[in-house]
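Rule-based calculations on the coordinates, nothing more; no lab input. All values reported here derive from a predicted model rather than from experimental measurement. Neighbour counts run over all protein chains shown; Cβ positions are idealised from the backbone, glycine included.
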Amino acid sequence: MDDTLYGSRDRRGHWKPHEPARPAPIFDWPPRPLAVLRWLPSYFLPWNVFFLITAALVWYFVLPGPEVTARLEWGWVLQLFLVNCLMVLALFGAFELHLYVRRAQGRRFKYNPEFPADRRNPAFLLGRQNLDNALRTFASGVPIWTAWEVFVLHAMAKGWVPSVSLADHPVHLIGLALFLRFFHEAHFYAVHRLIHTPFLYRWVHSVHHNSVNPSPWSSLSMHPVEHLLYFSTAALHLILPSHPLLAIYQLHIAGLGAVVGHIGFDRIELGEKKAVPTEAFVHYLHHKYFEVNYADGLVPFDRWFGTWHDGSPEAEARMLERYRARKAKLAARAGG
Ligand SMILES: [Zn+2]
Ligand SMILES: [Zn+2]
């Protein structure tokens with residue numbers, strides 16, 4: 001398929017979409033109800049519905065009843081861990097296999113013209129990006145995700161935190177389900193800003209940014225401290241009256257959803273004529289420029305706090321101006 005219909009490459013071969021990225025129009029002022037209506041399907045499809053389905057499957061088929069989860073025993077904990085591993089392997093692995101191993105659509109729609117190099121690099125565990133990324137995912141990422149999941153589900157079963165049933169509180173739970181993606185974004189933005197402070201960046205978050213040219217396996221390739229903070233999004237369900245299914249959904253948005261920003265391609269081709277958008281562009285720009293797009297672009301946090309990059313030349317100019325101003329400030333401080 002011809003990717004120049006949707007975007008173009010610069011002189012260095014980097015591809016970007018013609019259309020700049022846009023936060024959800026529900027935050028626009030004055031309100032734009034028609035734009036909101038047009039945007040609405042993209043809120044649900046494909047990702048939020050997909051994670052709600054995976055969460056429902058886990059809740060229904062994998063998670064035992066509260067009489068079991070009220071006891072901390074290895075059986076159900078390991079079962080949950082194994083299923084989380086398998087889901088990550090299937091989802092991240094499918095993108096990696098299709099786009100990076102088989103290279104089924106070549107470089108079409110790929111932002112970075114290069115594929116991640118498979119040469120030794122001392123920045124990575126065992127010297128290889130993919131090995132390092134997979135190790136960090138399965139030895140630290142999924143265990144910490146599962147630990148948060150177990151903690152919250154156990155607390156719910158014990159009655160330490162309020163949990164409510166869909167039959168009794170349908171409006172509350174549906175409202176909460178719709179709110180969770182926004183909460184995820186707020187929590188991710190706050191954690192992400194925090195770990196970009198110099199000390200935490202050096203010791204914690206630089207691990208994630210080692211994958212300068214990320215692939216799907218980079219999604220959960222983080223330092224354990226970052227995993228601990230990143231998955232603490234589940235703590236919301238220790239505060240608000242919630243439901244086990246929604247706690248699992250929240251962790252699937254974070255755990256499985258991490259892949260969305262690391263696909264590296266703007267669209268996935270389905271046959272000759274169709275290419276579906278991935279929503280990867282905003283976080284791709286974060287990996288490219290580091291100090292832009294701390295959130296994923298659903299809620300305009302970066303626009304509100306001056307770090308938004310939508311891929312346009314104007315955003316590029318604003319970013320360079322910001323860098324210049326900071327450099328001048330640092331030089332003045334050093335000089336004075
Ligand atoms: Zn990333
Ligand atoms: Zn970062």
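Tabulated data for the structure shown
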quantity: Value of Rg to Rh for the chain (Rh from inverse mean 1/r over Cα pairs, i.e. Kirkwood); calculated: 0.97
quantity: Length-normalised contact order for the chain - Cα pairs under 8 Å, 6+ apart - percent; calculated: 23
quantity: Per residue convex hull volume, Cα atoms of region 1-115, in Å³; calculated: 194
quantity: Helix axis angle, 142-158 relative to the chain longest principal axis, alpha carbon, degrees; calculated: 40
quantity: Pairwise label distance in nanometres, ARG318 with GLU73, each label 7 Å out on the Cα-Cβ vector; calculated: 5.6
quantity: Angle in degrees between helix 244-255 and the longest Cα principal axis of the chain, rounded to the nearest 10; calculated: 20
quantity: Compactness index (Cα Rg / 2.2 N^0.38 Å), region 203-336; calculated: 1.27
quantity: GluC sites (Glu not before Pro) within region 279-336, DSSP loop, no more than 15 other Cβ atoms inside 10 Å; calculated: GLU291
quantity: Selection of trypsin sites (Lys or Arg not before Pro), region 1-79, meeting DSSP coil and at most 14 other Cβ within 10 Å; calculated: ARG11, ARG12, ARG71
quantity: ARG120/HIS14 FRET efficiency (R0 30 Å; Cβ-Cβ; nearest 0.05); calculated: 0.75
quantity: Estimated 222 nm signal from helices in the chain, with DSSP H stretches of n ≥ 4 weighted -39500 (n - 2.57), rounded to 500; calculated: -14500 deg cm²/dmol
quantity: Length released on extending from ARG107 to VAL171, taking residue separation times 0.36 nm less the Cα-Cα span; calculated: 18.5 nm
quantity: Isotropically averaged projected area of region 133-218, using the convex hull of Cα atoms (one quarter of hull area), nm²; calculated: 7.8
quantity: Loop chymotrypsin sites (Phe, Trp or Tyr not before Pro), region 76-184, which have at most 15 other Cβ atoms in a 10 Å radius of their Cβ (DSSP); calculated: TRP160
quantity: Unit charges on C-beta of K, R, D, E only; dipole of the chain, Debye; calculated: 1120
quantity: With Cα atoms, 0 to 90° folded angle of helix 74-95 axis to the chain main axis; calculated: 30
